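The values are calculated or read from the model by the stated rules, or taken from the named source; none is laboratory data. This is a predicted model, so every value here is computed, not measured. Using ideal geometry, Cβ is built from the backbone for each residue, glycine included, and neighbour counts are taken over all protein chains shown. Keep in mind that these areas ignore ligands, DNA and RNA; they rest on the heavy atoms of the full protein, side chains included. Shrake-Rupley method; radii C 1.70, N 1.55, O 1.52, S 1.80 Å.
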Amino acid sequence: MALVGKIEKQIEIEVPAEKFYHIWKKQSYHVPTASPANIKAVDVHEGEWHHHGSVKLWTYSVEGRTETFKEKVEHDDANMSVTLIGLEGDVFKHFKSWLPVYKVSPKGDGSAGSIATCSIAYEKLNANVPDPVAYVDFMVSITKDVADHITKG
């Protein structure tokens, strides 16, 4: 069983790619409001909300457990992706490295919505650790909630 891997899921969302990316890049403080069943809180520890390289601490619930995750954010405007470089948190009880990515692309000309890709690149501490399927499903749930929040907004 490989210790290094990547898991990824794609979903269609009915919002423009630019609006979805904007939430993650500039307004991630809206994510707890958009997805309260998943995200309990997010706080900036270094930098500003919208700055590349800022450090945030997330409190979230996955599979009924409340966990925390401290990350350094990287924005890629050309590809409309946001990478959360894992620094500390509960996932590191089982993983040596943790790199979640939210990426969005226009579907067709963009008027028909977007394709959101949620992925996690990881390295397990040992071969007994299961693949993080529940975490990528958690990311998909957040993605749907954020898209709904944009639609209602």
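Going through region 57-68 one residue at a time, which ones are touching a helix residue (DSSP H, G or I) at 6+ places or on another chain (Cβ under 7 Å) and in a strand (DSSP E or B)?
Initial filter on region 57-68 (touching a helix residue (DSSP H, G or I) at 6+ places or on another chain (Cβ under 7 Å)): 62-63, 67-68.
Within region 57-68, VAL62, GLU67, THR68 qualify.
Considering each residue of region 31-42, count those that are within 13 Å of the chain's Cα centre (by Cα), under 15 Å from LYS144 (Cα atoms) and either at pLDDT below 95 or among the β-branched types (Val, Ile, Thr) (or both), and give that number.
Total meeting the criteria: 2.
Checking GLU71 against (1) part of a strand (DSSP E or B); (2) free of Cβ contacts under 8 Å to residues at least 60 places away in the same chain; (3) open to solvent by 80 Å² or more (accessible area, probe 1.4 Å): exactly one of these is not met. Which one?
(3)
VAL15 is checked against (1) touching an Asp or Glu at 6+ places or on another chain (Cβ under 8 Å); (2) over 28 Å from LEU125 (Cβ atoms) and fails just one. What number does that condition carry?
All conditions pass for VAL15, except number (1).
Here are the criteria: (1) more than 22 Å from LYS9 (Cα to Cα); (2) in contact with a helix residue (DSSP H, G or I) (Cβ under 7 Å, 6 or more places away or on another chain); (3) crowded, with 18+ Cβ neighbours inside 10 Å; (4) not hydroxyl-bearing (Ser, Thr, Tyr). Tell me which single one HIS50 does not satisfy.
(3)
Evaluate region 33-40: report whether one residue or more is part of a strand (DSSP E or B) and under 21 Å from ASP137 (Cβ atoms).
Checking region 33-40: at least one residue is part of a strand (DSSP E or B) and under 21 Å from ASP137 (Cβ atoms).
Would you mind stating whether THR143 is open to solvent by less than 50 Å² (accessible area, probe 1.4 Å), among the β-branched types (Val, Ile, Thr) and in contact with a Cys (Cβ under 7 Å, 6 or more places away or on another chain)?
yes
So is HIS45 open to solvent by 50 Å² or more (accessible area, probe 1.4 Å) and assigned to a strand (DSSP E or B) or not?
So HIS45 fits the description; yes.
Which condition number in (1) buried (at least 16 other Cβ atoms within 10 Å of the Cβ); (2) in contact with a Cys (Cβ under 9 Å, 6 or more places away or on another chain) is the one that TYR60 fails?
In the conditions (1) buried (at least 16 other Cβ atoms within 10 Å of the Cβ); (2) in contact with a Cys (Cβ under 9 Å, 6 or more places away or on another chain), TYR60 misses (2) alone.
Could you list, in sequence order, all residues of region 89-128 that are assigned to a loop (DSSP other than H, G, I, E, B), touching a strand residue (DSSP E or B) at 6+ places or on another chain (Cβ under 9 Å) and open to solvent by 10 Å² or more (accessible area, probe 1.4 Å)?
Correct list: HIS94, LYS107, ALA112, LEU125.
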